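Notes for the one structure printed next.
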Amino acid sequence: AKRRGKGQVTIFKMALLDTVSRRVLLEQALHSALNDDQLEVWFQPIVDLNSGEVVNMEALSRWSLAGEFVPPEEFINIAEITGMIIPLGQQLFDKVGCALQELRVEHPNLQCNINLSVKQFRDRNLFTEITSCLNKYQLPTSAFHLELTESMVVETETDILPMMQKLVEHGLKFHLDDFGTGYSSLDRLNNLPFDTLKIDRSFVTSLGMGDDIMARNIINIGNELGLNIIAEGVETQVELDRLMDLGCSQIQGYYFAKPMPLSELKDWLYDKQH
Ligand code: C2E
Ligand code: CA
Ligand code: CA
Ligand code: CA
């Protein structure tokens, strides 16, 4: 397969197929990819501007089929609909655990955010899967942070509070992803044990164009509720400067680094230290 730029997801040739055939093909291919453990996990650093340190990173699934990356939104969606998100999640936990164990030799405090979907959250085995993975790789519970999207929190019929509480009591932290896009009531949010709000990329982009209403208000809400705030999708110096003015210091985005495979991450972290 030809080498591509870091983190770049190319347009898949199968786009030429009609939607239904593509969907059927991808579903079958994903099934075998999971059987053969072919999915990868890439990592995107999250930087704290005050300390200059990498505070944590986000694990993002990557799947290449016939030399082309399938867009994560597309295969994650198929995995959610078909239930394959359960084995996908299990393989992801294991890869993240293994990577963190290795990385923490040099970077003892490194933590990793993992995205969870509704189906995973409804799975009764989730707690055991996460805790046994942490045990397997001798990681403290603080090593994994779990990201739930705001739309998932709003749309799900299931009461997600009991599972959240169980995991929080065990020491895991929750981040509310894509915040500002899902119309949740502040009251509902306030009653769920989130530790961090992630400002959606769309608001960071607006901020760079001079429209700060969402970013400013989200940062205020976060501060009011005593939550940590991460801005995602930060690409430019202008966006970064505005976020700093507004009091947001944790940054994720192409400005610092794109998602990358473990081997590249190791080099990136090494370069950053020297
Ligand atoms: P997300 O959780 O909101 O992840 C952030 C997305 O923004 C990632 O897209 C990341 O590559 C991209 N991104 C980060 N910084 C920048 C930037 O500066 N500019 C731009 N333009 N983009 C940036 P990605 O990797 O394509 O993932 C898309 C979505 O797929 C994720 O959105 C998440 O909802 C889902 N996803 C990916 N991996 C997993 C997984 O393992 N499990 C689950 N449940 N969902 C996943
Ligand atoms: Ca996320
Ligand atoms: Ca997000
Ligand atoms: Ca998103």
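Evaluated against (1) free of Cβ contacts under 8 Å to residues at least 40 places away in the same chain; (2) in contact with a helix residue (DSSP H, G or I) (Cβ under 9 Å, 6 or more places away or on another chain); (3) more than 21 Å from Asn115 (Cβ to Cβ), Met164 falls short on exactly one condition, (3). Quick check, is Asn135 open to solvent by 30 Å² or more (accessible area, probe 1.4 Å), away from ligand 3 (no atom under 16 Å from the Cβ) and out of contact with any Leu (no Cβ under 9 Å at 6 or more places or on another chain)? So Asn135 fits the description; yes.
Restricted to segment 108-164, the set of helices (runs of 4 or more DSSP H) holding at least 1 residues that are within 16 Å of ligand 4 (Cβ to nearest atom) and polar (S, T, N, Q) comprises 150-155.
Let's see how each residue does on (1) in a loop (DSSP other than H, G, I, E, B); (2) of a type in the set (Ser, Thr, Tyr); (3) touching a residue at least 60 places away in the same chain (Cβ under 8 Å):
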residue	(1), (2), (3)
Ile221	no, no, no
Ile229	no, no, no
Glu239	no, no, no
Phe256	yes, no, yes
Lys266	no, no, yes
Lys272	no, no, yes
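None of Lys198, Lys266 is within 21 Å of the chain's Cα centre (by Cα), open to solvent by 70 Å² or more (accessible area, probe 1.4 Å) and not aliphatic (A, V, I, L, M) except Lys266. Put simply, of Val168, Val234, Val238, Val204 the only residue that is within 20 Å of the chain's Cα centre (by Cα) and either more than 15 Å from ligand 3 (Cβ to nearest atom) or open to solvent by 60 Å² or more (accessible area, probe 1.4 Å) (or both) is Val168.
One residue stands out in segment 27-84 among those that are under 24 Å from Arg104 (Cα atoms), open to solvent by 40 Å² or more (accessible area, probe 1.4 Å) and free of Cβ contacts under 8 Å to residues at least 24 places away in the same chain: the one that is farthest from ligand 2 (Cβ to nearest atom), namely Ser51. For segment 241-254, filtered to residues that are away from ligand 3 (no atom under 16 Å from the Cβ) and part of a loop (DSSP other than H, G, I, E, B), the residue that is modelled with the lowest pLDDT is Ser249.
Residues of segment 255-271 that are under 30 Å from Asn217 (Cα atoms) and out of contact with any Ser or Thr (no Cβ under 9 Å at 6 or more places or on another chain): Phe256, Ala257, Lys258, Pro259.
Checked against the criterion of being more than 13 Å from ligand 1 (Cβ to nearest atom) and more than 19 Å from Glu150 (Cα to Cα), the candidates Glu235, Glu239, Glu264 yield just one match: Glu264. Residues of segment 186-201 that are under 25 Å from Ile251 (Cα atoms), among the polar types (S, T, N, Q) and more than 16 Å from ligand 3 (Cβ to nearest atom): Asn190 alone.
The values are calculated or read from the model by the stated rules, or taken from the named source; none is laboratory data. Since this is a predicted model, take the numbers as computed values, not measurements. Cβ sites come from the backbone with ideal geometry, for glycine too, and all protein chains shown count toward neighbours. Each accessible area value is taken on the protein alone, full model and side chains, heavy atoms only, with ligands, DNA and RNA left out. Shrake-Rupley method; radii C 1.70, N 1.55, O 1.52, S 1.80 Å.
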